[in-house]
Amino acid sequence: MATPSTMEDFLFGPSEVASGPQYLALRNRIAEGIARGRLAPGVRLPSERQLQVNTSAARGTIREALSQLEAEGLVYRRDRSGWYVSPPAVTYDPTRWAGFMTYVTEQGRTPGTETLSKEMAPASPALADIFRVSPGTPLYDITRRRSIDGRTVLIERIMVDPALAPGLLAHSLDASLTQLLADHYHLAVARNRIDMKPCALTGATADALGVNPGTPGLLVVRSSFDAAGRVVNYDHEYWRHDAIRVHVDLAVRERTG
């Protein structure tokens, strides 16, 4: 990890004259430091005030450069703490069924889970259609915050049919829900249907993640089915966009047309 003096020497030392907007020159300098390993994952950047004083740039210029780096997933902001170099993204393979706790641990990282709420909620018409129940039927509604190496990376909302897992909310849900459903309720997932799309992190989700409203995110929607075709759970995951890398390795089928 770079020491503060090394970091400051790199960021504020002599450099080639860059053409273009001033914010882009600062963005390029920080990005270069990250690419070269001079600014290691998790290291705290100088404060906006320090950057302003040492570069003679306007505060708006500093924020524009940092916002650009944040949009690229190179840095992130901690509330009331400052800006940090983003850690490596965790790799997610949607073709492989493995829970968050499993695939994060397999990659040498430390997963964490915190249950924010667990309650009964009436099924909306859309949820009733997914679970094949009548609108208004009570469903378990679980919200959890998940972290990697102590950094919050996603908020998830999980719906489960109480008919398949009676008494579920009496259990601790801070560990693997997949494992709990398998061990206690003998519910095994045989098939997953996954949709992913970019999103903006807003409202309570942004607050729970500690990011500014409108920060880019990735929404992963997962429907998990057992061998009988019943929905075991329905999950919305709101990820920090810099925390996840989707990787798929598929055999190429012979072309037929």
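What follows draws every value from the coordinates through simple rules; no lab data is involved. Predicted model only: the values in this text are computed from it and were never measured. Please note: Cβ atoms are built from the backbone with ideal geometry, for glycine as well, and neighbour counts cover all protein chains shown.
Between Ile194 and Trp97, what is 0.36 nm times their sequence separation minus the Cα-Cα distance? Round to one decimal in nm.
33.8 nm
What is the distance in Å between the Cα centres of the range 120-136 and the range 167-211?
Answer, in whole Å: 18.
Compute the FRET efficiency between Tyr185 and Thr110 as 1/(1 + (r/R0)^6), taking r as their Cβ-Cβ distance and R0 = 25 Å, and round to the nearest 0.05.
In this case the efficiency is close to 0.35.
Let me see the P(r) profile for the range 129-227: every Cα-Cα distance counted, bins of 5 Å, each bin given as a percent of all pairs.
2, 10, 19, 21, 20, 16, 10, 3, 0
Please report, in Å, the Rg and the Dmax of the range 174-248, where both are computed over Cα atoms only.
Cα radius of gyration and Dmax of the range 174-248 are 14.8, 42 Å respectively.
Quickly rank 51-58, 62-69, 190-197 as a protection proxy: mean count of other C-beta atoms within 10 Å, highest first.
So the order, starting with the most tightly packed, is 62-69, 51-58, 190-197.
Given q = 0.09 Å⁻¹, what are the Debye log10 I(q)/I(0) values for the chain, with equal point scatterers placed on the Cα positions and solvent ignored?
-0.51
Can you give the translational diffusion coefficient of the range 147-195 in µm²/s, computed by Stokes-Einstein from the Kirkwood radius over Cα pairs at 25 °C and 0.890 mPa s?
Estimated diffusion coefficient is 193 µm²/s.
Go through the range 26-43 residue by residue and turn each phi into a ³J(HN,Hα) via Karplus (6.51, -1.76, 1.60, θ = phi - 60°); whole Hz please, and just put x for glycine and proline.
Per-residue couplings from phi come out as 5, 4, 5, 5, 5, 4, 5, x, 5, 4, 7, x, 6, 10, 7, x, x, 6 Hz.
If you take the beta carbon distance between Asp207 and Ser56 as r and set R0 to 45 Å, what does 1/(1 + (r/R0)^6) give as a FRET efficiency, to the nearest 0.05?
0.80
Output the peptides 94-103, 119-128 sorted from most to least packed, where packing is the average of other Cβ atoms within 10 Å over each peptide's residues.
Descending mean neighbour count gives 94-103, 119-128.
Can you tell me the FRET efficiency between His171 and Val252 if r is taken as the Cβ-Cβ distance and R0 is 41 Å, rounded to the nearest 0.05?
Once rounded, the FRET efficiency stands at 0.40.
Equivalent-ellipsoid semi-axes (√(5λ), Cα gyration tensor) for the range 76-135, whole Å, largest first?
33, 20, 12
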